[in-house]
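Here the structure is laid out as structure tokens; the discussion comes afterwards.
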Amino acid sequence: MLGLEMPTDPRWVNIVEKNISEILTDHAWCEQKAASAAISIIVRYPEYPDLVDEMTALVREEMEHFALVHEKIKERGYKLGFDRKDPYVKDLAGFIKKGGDRTQQLVEALLMAGMIEARSCERFRVLSEEIADEDLRSFYRGLMASEARHYTCFLRFARKYGGKIDVDKRWKEFLSFEGKLMEKYGKSETIHG
């Protein structure tokens, strides 16, 4: 369904299991950043009421997820660590076409957000199937469907407001780039790492 060209090696879970507090902290900040990205889309493209409505709902949901992850952190006796850079997102941002008109910029922003959500969904699936901790298996199974919904939402709006842009072609380019990019990830206890 996601169309990702490089699946996560299930052995990534072995890395995650060695530092649960790190993956949970990273996950919490990923949720906050997803909310911030949706807010940025609202700020940059207020002329699309349905997009604003959907992004507003997404902001709420992402912050609810942040709260759920934070609760999981506290339940386990951990503390939320500081935010950190996400090299995967930075690398993905380097693929965005610079310049162009507002339509092109909107499509690029939506496809990048969709790509991040698709990879997060795939990582949540891997965790829900492979992690030994039954509580975390269930937790990530519950979040996986939301990530899939978010990914399809971003693609839907890119197609709706893409004008003359061949959005499906550009999405395939994103998938191809991200597949190659993932060759260097999967080696750290972070959602995208």
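A few notes on this one:
- Among residues of region 77-89 that are β-branched (Val, Ile, Thr), those with a Cβ under 8 angstrom from a residue that is surrounded by 15 or more Cβ atoms within 10 Å (Cβ to Cβ) and in a loop (DSSP other than H, G, I, E, B), sequence gap 6+ or separate chain, pair up as 89/192.
- Candidates 120, 146 - the one that is among the hydroxyl-bearing types (Ser, Thr, Tyr), touching a residue at least 60 places away in the same chain (Cβ under 8 Å) and either touching a strand residue (DSSP E or B) at 6+ places or on another chain (Cβ under 9 Å) or closer than 23 Å to residue 94 by Cβ (or both): 120
- Residues of region 96-117 satisfying the condition of being out of contact with any helix residue (DSSP H, G or I) (no Cβ under 8 Å at 6 or more places or on another chain), without any contact (Cβ under 8 Å) to a residue 12 or more places away in the chain and on the phi < 0 side of the Ramachandran plot: 98, 101
- Cβ-Cβ contacts under 9 Å between residues 6 or more apart (or on different chains), taken from a first residue in region 45-73 that is under 30 Å from residue 133 (Cα atoms) to a second residue that is in a loop (DSSP other than H, G, I, E, B) and aliphatic (A, V, I, L, M), are listed as 69/80; 70/80; 73/80.
- So residue 113, is it within 18 Å of residue 175 (Cα to Cα) and modelled with pLDDT of 95 or more: yes
- Residue within region 125-142 that is among the basic types (Lys, Arg) and in a loop (DSSP other than H, G, I, E, B) present: no
- If you go through region 21-59 and keep only what is farther than 24 Å from residue 163 by Cβ and among the small types (Gly, Ala, Ser), you end up with 21, 28, 34, 35, 36, 57.
- Scanning region 5-32 for residues that are in contact with an Asp or Glu (Cβ under 8 Å, 6 or more places away or on another chain) and within 26 Å of residue 133 (Cα to Cα) yields a total of 18.
- Candidate set: region 83-95, residues that are in contact with a helix residue (DSSP H, G or I) (Cβ under 8 Å, 6 or more places away or on another chain) and either of a type in the set (S, T, N, Q) or at pLDDT 95 or above (or both); chosen: the one surrounded by the fewest Cβ atoms within 10 Å (Cβ to Cβ): 93
- Among the residues making up region 140-170, those that are within 15 Å of the chain's Cα centre (by Cα) and crowded, with 17+ Cβ neighbours inside 10 Å are 140, 143, 144, 146, 147, 148, 150, 151, 153, 154, 155.
- Checklist (1) surrounded by 13 or more Cβ atoms within 10 Å (Cβ to Cβ); (2) of a type in the set (Lys, Arg); (3) not in a helix (DSSP H, G or I) applied to residue 98, failing item: (1)
- Candidates 64, 5 - the one that is among the charged types (D, E, K, R) and more than 19 Å from residue 112 (Cα to Cα): 64
The values are calculated or read from the model by the stated rules, or taken from the named source; none is laboratory data. Since the model is a prediction, treat every value here as computed from it, not as a measurement. Note: ideal-geometry Cβ built from the backbone for every residue, glycine included; neighbour counts use all protein chains shown.
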